[in-house]
Amino acid sequence: MSDQQQLPERLNPAGMARMLNMSRARLYQLMNEGLIPTATRDDDGRPYFTQDQQVQILTVYRTNVGINGKSIFFRPRATRTPPPSRARKATMTPAHAELLTSIRALGMSHVKKPQLEKALTALYPNGALPHDQAVLVKEVFVYLHRQESSDKQGQ
């Protein structure tokens, strides 16, 4: 078989999954459902596919018929939607750390990072901060001071 000559003698599940453009989890799911052959294990217990098993798996992939006779359909890679990107946590930039230090030096030692970020979002919703550090410190200080004053009046 010419296909078999090009295949490695042994291939681990990760390599087989890469060859099929699928995740290892999906590959194991197919094994558990009996649609593809179960990986052989070496003396140390590591799973691998022999050349014969690789040929069987590639045949299943090409024909959409599992080794148990059940139909299976593989979505073309081009139609798969990428996983949603995870929202990154806001990180304290050196500029924000310096701003927080300045605000605390002006007597507001209780101000924390979330309060600062809330103030920056409220004052500069488009994210464009003033270039002059003194102006930025003053505007944030006044905003935070007003927030404290309104919180005290509401009590």
Matching residues in segment 43-59 - criterion: being without any contact (Cβ under 8 Å) to a residue 12 or more places away in the chain and either hydroxyl-bearing (Ser, Thr, Tyr) or under 10 Å from ARG10 (Cα atoms) (or both): THR59
Could you run through segment 107-131 and say how many residues are modelled with pLDDT of 90 or more and not in a helix (DSSP H, G or I)? 6
How about segment 39-61: which of its residues are assigned to a helix (DSSP H, G or I) and farther than 15 Å from PHE74 by Cα? GLN51, ASP52, GLN53, GLN54, VAL55, GLN56
Hey, any hits in segment 84-100 for a residue that's modelled with pLDDT of 90 or more and not acidic (Asp, Glu)? yes
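Does ILE36 satisfy the condition of being under 18 Å from SER71 (Cβ atoms) and not in a helix (DSSP H, G or I)?
yes
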Of the residues that sit in segment 11-58 and are touching a Lys or Arg at 6+ places or on another chain (Cβ under 8 Å) and aliphatic (A, V, I, L, M), which one is surrounded by the fewest Cβ atoms within 10 Å (Cβ to Cβ)? ALA14
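The values are calculated or read from the model by the stated rules, or taken from the named source; none is laboratory data. In this text, all values refer to a predicted model and were calculated from it rather than measured experimentally. Ideal geometry is used to build each Cβ from the backbone, glycine not excepted, and the neighbour counts take in all protein chains shown.
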